[in-house]
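Peer 1: The structure follows.
The values are calculated or read from the model by the stated rules, or taken from the named source; none is laboratory data. Computed from a predicted model, the values in this text were never measured in an experiment. All Cβ positions, even for glycine, are placed from backbone atoms using ideal geometry, and neighbour counts span all protein chains on display. Protein only, heavy atoms only, side chains kept; ligands, DNA and RNA dropped before computing areas. Shrake-Rupley method; radii C 1.70, N 1.55, O 1.52, S 1.80 Å.
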Amino acid sequence: MSVKTEVISTETPTLFANAVSRAAALLLAGEAVALPTETVYGLAANAFDAAAVARIFEIKGRPINNPLIVHIANLEMARGCAAEWPAAADDLARSFWPGPLTMVLRKGVSIADLVTAGGKTVGLRWPSHPFMQAVIRECGFPLAAPSANLSNRVSPTNAAHVQKALNGRVKLIVDGGQSQVGIESTVLDLSVRPPRILRPGMLHEQSLAAVLGELALGELHDGSVLKSPGQLPKHYAPKGRLMIASWSDDDALKAFCARHGGKPEKTNVIVHTRIPAPEGWARVSVIPHDAEAFGRSIYGELHACDDSGAELIIVEAPPEGAAWRAITDRLRRAAA
Ligand code: TXA
Ligand code: MG
């Protein structure tokens, strides 16, 4: 698989409009293209076209039992993808769409079976990124789009990250700037009672519970079908070994590194409060002690670790609490 990959900008109104036309034309022709969203970049194709959707799986090397999220740009389009539209979906849409929320509902007939991995439900999201919205409106059909990385690797939060993974595999990457949320959407299953969070995101459970009243956390492990393979223990991983740790001072951090067989000069340290002296480490990155800022930056830091060939990545443990839940979840999967 080798095609010429074009990366196009959206910086000015003219470039933006040209990029919308170009992306829509390729999508109409059954191609998969990489597009910006506010969570992470997505690899998009027409959700009504099974052959186009098959290209996504091929390009990413994604197992076909892992369903894709379908992106829509208005409520009518969302309803058209679902077999039923519960009152809770309206309430949630009013509060959180467009935004980083994916609602899992019973699937409508229009959605290709490949999108839902043969399952009876479909994940729907109305993204807030203006470019993604403009492309969906121009196409007039919903876009199935997983994150635009190779399967199991760190999701991309800018066009350069996408290029690293998909250069030669896609015809078009649209550069829509840095993803403002930086962590994949919250996946909420509305096809069960009570509704259940399958994947935590930066839109956290307290906000959802305020609208829903009742809410359950975590996947049901009842031996039935795997509902959200993104919830497999190992996922979203950088190439180096990642460890989550807490330490009292620089000596304790060095001891931790040595104890785990790390070489400091091949170790990147990512911190938010306990900032060590940079000497001896390959790199020390400081992310503000704020969940939103941390979420926006962490994947970029992990990509930088990949680029620099870090063998060990030590991440200072995030605080407890709902606001940090998605970050802790992703770091744990990266460390698994
Ligand atoms: O923020 C996001 O959600 C990004 C952007 C591009 O929108 N997309 C994304 O897609 O993260 P992906 O494919 O990397 O992750 C989708 C997650 C997977 O864990 C998948 O198993 C789950 O959503 N999912 C999709 N459809 C589902 C369904 N019908 N039932 C349960 N889980 C579903
Ligand atoms: Mg993904």
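Peer 1: Do we have VAL170 as farther than 19 Å from ARG333 by Cα, touching a Ser or Thr at 6+ places or on another chain (Cβ under 7 Å) and crowded, with 23+ Cβ neighbours inside 10 Å here?
Peer 2: It is true that VAL170 is farther than 19 Å from ARG333 by Cα, touching a Ser or Thr at 6+ places or on another chain (Cβ under 7 Å) and crowded, with 23+ Cβ neighbours inside 10 Å.
Peer 1: Contact list please: Cβ distance under 8 Å, first residue in region 72-92 and under 18 Å from GLU138 (Cα atoms), second residue of a type in the set (A, V, I, L, M) and part of a loop (DSSP other than H, G, I, E, B), pairs at least six apart or on different chains.
Peer 2: Once the first residue is under 18 Å from GLU138 (Cα atoms) and sits in region 72-92, its partners that are of a type in the set (A, V, I, L, M) and part of a loop (DSSP other than H, G, I, E, B) give ALA78/ILE72; CYS81/ALA47; CYS81/ILE72; CYS81/ILE111.
Peer 1: Something else about it: Those residues that are assigned to a loop (DSSP other than H, G, I, E, B), buried (at least 17 other Cβ atoms within 10 Å of the Cβ) and either out of contact with any helix residue (DSSP H, G or I) (no Cβ under 7 Å at 6 or more places or on another chain) or not assigned by TED's automatic domain parsing to the domain that holds GLY309 (or both), I need them from region 241-273; list them, please.
Peer 2: GLY262 - this is the single residue of region 241-273 that is assigned to a loop (DSSP other than H, G, I, E, B), buried (at least 17 other Cβ atoms within 10 Å of the Cβ) and either out of contact with any helix residue (DSSP H, G or I) (no Cβ under 7 Å at 6 or more places or on another chain) or not assigned by TED's automatic domain parsing to the domain that holds GLY309 (or both).
Peer 1: Here are PRO86, PRO100: which of them is within 9 Å of ligand 1 (Cβ to nearest atom), of a type outside the set (Asp, Glu) and farther than 25 Å from THR5 by Cβ? Reasoning before the result, please.
Peer 2: Details: PRO86 fails: within 9 Å of ligand 1 (Cβ to nearest atom).
That would be PRO100, the only listed residue that is within 9 Å of ligand 1 (Cβ to nearest atom), of a type outside the set (Asp, Glu) and farther than 25 Å from THR5 by Cβ.
Peer 1: Hand me the list of strands (runs of 3 or more DSSP E) wholly inside region 130-208 holding 1 or more residues that are within 23 Å of ALA326 (Cβ to Cβ).
Peer 2: Details: elements: 172-175, 186-189, 196-199.
Correct list: 186-189, 196-199.
Every residue, every condition in (1) open to solvent by less than 50 Å² (accessible area, probe 1.4 Å); (2) more than 14 Å from ligand 2 (Cβ to nearest atom); (3) outside the structural domain of LEU203 (by TED's automatic domain parsing); (4) of a type in the set (Val, Ile, Thr), yes or no:
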{"residue": "VAL70", "(1), (2), (3), (4)": "yes, yes, no, yes"}
{"residue": "LEU75", "(1), (2), (3), (4)": "no, yes, no, no"}
{"residue": "ALA78", "(1), (2), (3), (4)": "yes, yes, no, no"}
{"residue": "PHE96", "(1), (2), (3), (4)": "yes, yes, no, no"}
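Peer 1: Let me ask you something else. On the given criteria, is LEU124 part of a strand (DSSP E or B), assigned by TED's automatic domain parsing to the domain that holds LEU208 and in contact (Cβ under 8 Å) with a residue 40 or more places away in the chain?
Peer 2: On the way: part of a strand (DSSP E or B): yes; assigned by TED's automatic domain parsing to the domain that holds LEU208: yes; in contact (Cβ under 8 Å) with a residue 40 or more places away in the chain: yes.
So LEU124 fits the description; yes.
Peer 1: Taking the condition in the same structural domain as VAL192 (by TED's automatic domain parsing), modelled with pLDDT of 95 or more and open to solvent by 40 Å² or more (accessible area, probe 1.4 Å), does ALA165 pass?
Peer 2: For ALA165, the condition - in the same structural domain as VAL192 (by TED's automatic domain parsing), modelled with pLDDT of 95 or more and open to solvent by 40 Å² or more (accessible area, probe 1.4 Å) - is not met.
Peer 1: Being among the hydroxyl-bearing types (Ser, Thr, Tyr) and either open to solvent by 10 Å² or more (accessible area, probe 1.4 Å) or under 21 Å from GLU11 (Cβ atoms) (or both): is that true of SER147 here?
Peer 2: In short, yes.
Peer 1: From the list ALA34, ALA29, ALA23, ALA17, exactly one residue is closer than 17 Å to ILE56 by Cα, surrounded by fewer than 19 Cβ atoms within 10 Å (Cβ to Cβ) and either of a type in the set (D, E, K, R) or modelled with pLDDT of 95 or more (or both). Which is it?
Peer 2: After ruling out the rest, the residue left standing is ALA29.
Peer 1: Now, a different point. Any residue at all in region 28-45 that's of a type in the set (D, E, K, R), farther than 27 Å from TYR236 by Cβ and out of contact with any strand residue (DSSP E or B) (no Cβ under 6 Å at 6 or more places or on another chain)?
Peer 2: Within region 28-45, none of the residues are of a type in the set (D, E, K, R), farther than 27 Å from TYR236 by Cβ and out of contact with any strand residue (DSSP E or B) (no Cβ under 6 Å at 6 or more places or on another chain).
Peer 1: Going by the structure shown, is VAL115 among the β-branched types (Val, Ile, Thr), open to solvent by less than 30 Å² (accessible area, probe 1.4 Å) and either part of a loop (DSSP other than H, G, I, E, B) or more than 13 Å from ligand 1 (Cβ to nearest atom) (or both)? Show your work before the answer.
Peer 2: Numbers: among the β-branched types (Val, Ile, Thr): yes; open to solvent by less than 30 Å² (accessible area, probe 1.4 Å): yes; either part of a loop (DSSP other than H, G, I, E, B) or more than 13 Å from ligand 1 (Cβ to nearest atom) (or both): yes.
Answer is yes for this residue.
Peer 1: Being under 21 Å from the mean Cα position of the chain (by Cα) and more than 21 Å from VAL187 (Cα to Cα): is that true of GLU11 here?
Peer 2: No, not satisfied.
Peer 1: Consider ILE314 carefully, then state whether it is crowded, with 20+ Cβ neighbours inside 10 Å and in a strand (DSSP E or B).
Peer 2: Judged against the criteria, ILE314 is a match.
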